[in-house]
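Quick notes on the structure that follows.
The values are calculated or read from the model by the stated rules, or taken from the named source; none is laboratory data. Please read all numbers here as calculations on a predicted model, not as lab measurements. Ideal geometry is used to build each Cβ from the backbone, glycine not excepted, and the neighbour counts take in all protein chains shown. Just the protein is used for accessible areas: all its heavy atoms, side chains included, with ligands, DNA and RNA removed. Shrake-Rupley method; radii C 1.70, N 1.55, O 1.52, S 1.80 Å.
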Amino acid sequence: MAALADSPLTFEEFSAYMTAALPFLAGSGEPIAVAVSGGGDSMALVSLLKEWAAAHSIPLYALTVDHGLRSESSAEALQVGGILSGWGVPHVTLCWEGEKPHSRIQELARAARYRLIGEFCRSKNIRYLFLAHHADDQMETFFYRLAKGSGIDGLTGMSLCQEFEEEGLTFVRPLLGVTHHRLIATCRERQIKWIEDQSNVSQRFVRGRLRGAREVLEQEGLTVPRILSAMRRFDRIVKFAEQVSETEYKNNLIEEDAKRIVMSLGGLKTLPEEVVLRIFKRVILEIGGKKTYPPRLQDIEALVYRFLSDPEFKGATIGGCIFRPNQNRNHLTILKED
């Protein structure tokens with residue numbers, strides 16, 4: 001979606017992306033949903049999505065989650081509902097009931113948001129949830145994950161389509177290549193009212209602090225286009241590493257079942273550290289069964305370093321798995337821990 005930095009996003013650009021990314025959806029008649037907070041980004045998305053859905057006879061639902069964390073949130077949800085009702089878009093407000101947490105607020109609010117949305121979508125047989133994450137969000141995600149010690153996979157950013165197995169949904173983010181400025185310009189051109197949520201820039205939260213540092217970062221050349229370019233390069237590296245790791249996994253596999261994987265110890269020792277890391281992570285997930293919460297990356301890295309650097313590596317236990325060399329030191333067996 002290359003265009004002038006502050007120009008509105010046109011329907012033609014949006015429609016071209018939808019056709020390229022989700023060609024099967026246009027003729028399916030399958031209902032879809034869009035998360036709408038009322039901010040300029042999500043209001044621009046629902047406006048474009050409404051037009052696209054109407055052109056392809058796709059039922060569209062707009063969903064707003066009222067977390068009840070701000071005194072004005074209920075009134076804002078009503079305002080959003082009123083606007084979308086005027087557009088002819090079915091709108092539902094989903095409320096997070098009960099006592100609210102005093103810590104990890106954003107994390108738990110996010111979990112509640114997707115739980116509520118997932119429950120609604122299942123009731124309507126909706127599989128695709130559209131989100132208004134955009135290029136600026138990608139930049140913030142990059143710095144947030146970098147600060148948290150993410151590996152290279154995390155630095156590729158959010159994906160255009162992401163399976164969310166817990167709720168049986170696929171997240172679709174059609175605006176990842178579009179800046180916030182363009183989306184606000186879209187709202188202005190289409191005369192769309194939006195809500196400014198001050199919590200988005202609150203210094204209480206990491207993303208608010210990152211937004212506050214935006215000007216300084218850009219002065220040093222860390223602009224949105226440059227960060228997005230770096231993320232695409234990381235993505236290329238990740239895809240290459242995954243391809244090599246898959247090949248080497250098969251090349252060094254000796255035996256495999258639900259509780260045990262046996263691999264060539266000598267063969268693994270000849271591989272680059274990144275490839276061994278990915279193979280070990282894979283076998284831990286398959287044997288250990290910790291697909292939701294795998295071991296920390298630094299713990300797997302420490303295991304790989306020991307394995308490759310210690311000629312007398314005697315084994316280790318991690319992520320519900322036991323790594324054990326055989327007596328002749330030609331096989332490495334990975335067993336499920338009892």
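If only residues of region 210-253 that are polar (S, T, N, Q) and farther than 28 Å from E274 by Cβ are counted, the one that is modelled with the lowest pLDDT is Q219.
Take region 48-92 and flag every residue that is of a type in the set (S, T, N, Q) and part of a loop (DSSP other than H, G, I, E, B).
Taking region 48-92 first, the residues of a type in the set (S, T, N, Q) are 57, 64, 71, 73-74, 79, 85.
Selection gives S57, S71.
Does D6 satisfy the condition of being over 25 Å from the mean Cα position of the chain (by Cα) and either touching a residue at least 60 places away in the same chain (Cβ under 8 Å) or under 18 Å from A132 (Cα atoms) (or both)? Before the answer, list the steps.
Working: over 25 Å from the mean Cα position of the chain (by Cα): yes; either touching a residue at least 60 places away in the same chain (Cβ under 8 Å) or under 18 Å from A132 (Cα atoms) (or both): yes.
So D6 fits the description; yes.
Q191 passes every criterion in (1) more than 21 Å from D66 (Cα to Cα); (2) in a helix (DSSP H, G or I); (3) modelled with pLDDT of 95 or more apart from (2). I'd like the full set of residues that are among the hydroxyl-bearing types (S, T, Y), under 24 Å from the mean Cα position of the chain (by Cα) and under 21 Å from E97 (Cβ atoms), limited to region 30-75. Across region 30-75, the qualifying residues are S37, Y61, T64.
Within region 95-113, the set of residues being open to solvent by 100 Å² or more (accessible area, probe 1.4 Å), among the basic types (K, R) and either within 14 Å of S37 (Cβ to Cβ) or not in a loop (DSSP other than H, G, I, E, B) (or both) comprises R110 only. Considering only residues in region 254-271 that are in contact with a Ser or Thr (Cβ under 7 Å, 6 or more places away or on another chain) and at pLDDT 95 or above, the one that is farthest from L332 (Cα to Cα) turns out to be I254. If you scan region 12-46, which residues turn out to be hydroxyl-bearing (S, T, Y) and open to solvent by less than 30 Å² (accessible area, probe 1.4 Å)? Scanning region 12-46 gives S15, S42. Evaluation of I184 against the conditions (1) surrounded by 15 or more Cβ atoms within 10 Å (Cβ to Cβ); (2) on the phi > 0 side of the Ramachandran plot shows that the sole unmet condition is (2).
Could you list, in sequence order, all residues of region 127-158 that are of a type in the set (S, T, Y) and over 11 Å from M231 (Cβ atoms)? Within region 127-158, Y128, Y144, S150 qualify. Checked against the criterion of being among the β-branched types (V, I, T) and open to solvent by 20 Å² or more (accessible area, probe 1.4 Å), region 165-179 has at least one qualifying residue.
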